[in-house]
Amino acid sequence: MKNNNQSSELDNFNFPETEKFFYGRKLMDGIQDTVLTKESLVKDFFIRYIFRAMMAGFIIGLMIVFTWKTRIDFTPYIGADLASLVGGITFSFALIFIIFTYSELLTSNFMYFTVGIFYKSVTVRRAFLVFTLCFLGNMIGGILLFSLLKFSTVVSNDMLGLMHTIVDKKLHLSNDDIFIRGILANFFINISIIVTMHFKEALPKMVAMIIGVTIFAYMGYEHVIANGVMFICSLFYQFNPENILPMLRNLLFSGLGNYVGGGLFIGLFYAYLNAPKRH
């Protein structure tokens, strides 16, 4: 799929002759096709796009709860540190479910749409619209999940205690710390997505996603959607109005960091490396 607004320099690009220089060109073309599909989905099937974004937030929330349960159950047997690693592995399943169900996650869109902006496949205004809608959809998915779970016993008191500890730590990080942790979180998510594009089979794709997400989760990096959904859970179960502004501060700086890590460090970086321009 090609966009008429793409530069003539890109249209005239002869891949076979310069493959040794622009070895990721096909990946960039595939990303641009995906961007155009996503942008068309927002334009022509707005409600369905929101539903796709809601599903991603719903899945993130389910995997967060699963991770809490895993850490609590494994800690007495293998210790808190190894249980944290197991929790990181379990949380990595979220990206697998999101990718293979074609759900819409904001942090991966940072990478996709930055590539699209670089190649002029999409405008900055349209990309920002997609980011906004995707974020809102992701949060609505989290709200829907915890609206249901609140009427069940799925989230135990032990899990709420762990949640409180995690949320309290996040709310007391400095702005710089949140920002840098946000960069690293989305760097690992999106570089794993780039790696999956080299494979056709599902298994190696899943392995790459598990590795990338496990690193970010185990290291305690900051992911704006995971944090947002966790904050929603916190507000549902342990509402404290004094936490709202610190939560918004965390989302602002983690979101900015996520954009730098996924949009610039991965999307813009590889778009530039594989651009058919001599500079």
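For this structure, a couple of remarks:
- Å² per residue, accessible surface of segment 210-249 at 1.4 Å: 43
- Label zone of Tyr23 (point 7 Å out along Cα→Cβ, amide N under 15 Å): in segment 195-211 this covers 195, 198-199.
- Distance in nm between pseudo-label sites at Thr153 and Arg48 (7 Å out along the Cβ direction from Cα): 4.2
- Of the chymotrypsin sites (Phe, Trp or Tyr not before Pro) found in segment 194-258, those that fall in a DSSP loop while having at most 16 other beta-carbon atoms within 10 Å are Phe199, Phe239.
- Area accessible to solvent at Arg52, 1.4 Å probe radius, in Å²: 90
- Principal-axis tilt of helix 157-171 within the chain, Cα atoms, nearest 10 degrees: 50
- Nearest 10 degrees, 0 to 90: helix 106-118 Cα axis against the chain principal axis: 20
- Loop chymotrypsin sites (Phe, Trp or Tyr not before Pro), segment 87-175, which have at most 13 other Cβ atoms in a 10 Å radius of their Cβ (DSSP): Tyr102, Phe151
- Sparsely packed chymotrypsin sites (Phe, Trp or Tyr not before Pro) within segment 24-87, loop by DSSP, other Cβ within 10 Å at most 14: Phe45
- In segment 24-273, taking the dipole from charged Cβ atoms about the Cα centre, the farthest positive-side position among Ser234, Trp68, Phe187 is held by Phe187.
- The long axis of helix 46-100 is offset from the longest Cα principal axis of the chain by roughly 50 degrees.
- Sum of -39500 (n - 2.57) over DSSP H runs of 4+, divided by residues of the chain (222 nm, nearest 500): -25500 deg cm²/dmol
- Lys/Arg +1, Asp/Glu -1 at C-beta; the chain dipole; positive extreme among His164, Gly141, Ile244: Gly141
- Based on protein heavy atoms only, segment 37-159 ends up with 48 Å² per residue of surface accessible to a 1.4 Å probe.
- In the structure shown, the pairs Lys26/Lys205; Lys43/Lys150; Lys150/Lys170 are assessed against 29 Å; a Cα-Cα span above that value is assigned to Lys43/Lys150.
- With every protein chain in place, segment 34-132: carbon and sulfur % of accessible area (1.4 Å): 71
- Paramagnetic label zone (point 7 Å from Cα along Cα-to-C-beta, Phe66; backbone N under 20 Å) in segment 219-239: 219-221, 223-234
The values are calculated or read from the model by the stated rules, or taken from the named source; none is laboratory data. Only a predicted model underlies this, so the values are computations on that prediction, with no experimental measurement involved. Here Cβ is always computed from backbone atoms with ideal geometry, including for glycine, and neighbour counts include all displayed protein chains. Ligands, DNA and RNA are excluded from the accessible area calculation, which covers all protein heavy atoms including side chains. Shrake-Rupley method; radii C 1.70, N 1.55, O 1.52, S 1.80 Å.
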